[in-house]
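What follows is one structure encoded as structure tokens, with my remarks underneath.
The values are calculated or read from the model by the stated rules, or taken from the named source; none is laboratory data. What you see is a predicted model, and the numbers here were worked out from it, not measured in a lab. Quick reminder, even Gly has a Cβ in these numbers, built from the backbone with ideal geometry, and neighbours come from all protein chains shown. We work out accessible area using only protein heavy atoms, side chains counted, and drop any ligands, DNA or RNA first. Shrake-Rupley method; radii C 1.70, N 1.55, O 1.52, S 1.80 Å.
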Amino acid sequence: DPRSSAQPQMSTDSQPLFKEGDVALCLHGTGLYDVRIMEVKPPGEGASHGQHLYKVHYQGWKKNWDEMVQAHRLRRRDEEGLELKKKLAEEMVSSGRREGKRKGGAGG
């Protein structure tokens, strides 16, 4: 399973892995999607379990898809992250699954 083989980036100190304005990839359902980091909340705020929380906006999707996520769902938008995104998309196509979100629609 490529989702489990790519270990999430982990912070070795109290610094967040991403900052506001960063572009990243976020695991949602069975796919990785392009996101922009809109906000970073420090550990201890909300249900963060001692980790930073990141408000993400899915690129090209309505704001109602924005959500707070932990770092384990985020990947850098680098060669490794893009390769994982491609693998997951190919798996989704080969398994007959459709993406869980419809652009501009009510989702589902």
| message | Given the criteria assigned to a strand (DSSP E or B), in contact with a Pro (Cβ under 8 Å, 6 or more places away or on another chain), charged (D, E, K, R) and modelled with pLDDT of 95 or more, does ARG75 qualify? | response | yes
Among (1) outside any loop (DSSP other than H, G, I, E, B); (2) at pLDDT below 95; (3) of a type outside the set (A, V, I, L, M, F, W, C), GLN9 falls short only on (1)
Note on segment 15-32: residues surrounded by fewer than 18 Cβ atoms within 10 Å (Cβ to Cβ) and part of a strand (DSSP E or B) are VAL23
For segment 73-96, pairs from a residue that is open to solvent by 60 Å² or more (accessible area, probe 1.4 Å) to a residue that is small (Gly, Ala, Ser) and in a strand (DSSP E or B), with Cβ under 7 Å and 6 or more apart or across chains, are ARG76/ALA24; ARG77/ALA24
When segment 33-60 is checked residue by residue, the ones that are open to solvent by 40 Å² or more (accessible area, probe 1.4 Å) and not in a strand (DSSP E or B) are PRO42, PRO43, GLY44, GLU45, GLY46, ALA47, HIS49, GLY50, GLN51, GLN59, GLY60
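Quick check on GLY21: is it at positive phi and either at pLDDT 95 or above or of a type in the set (D, E, K, R) (or both)?
yes
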Residues of segment 23-79 being in contact with a helix residue (DSSP H, G or I) (Cβ under 6 Å, 6 or more places away or on another chain) and basic (Lys, Arg), in sequence order, are ARG75
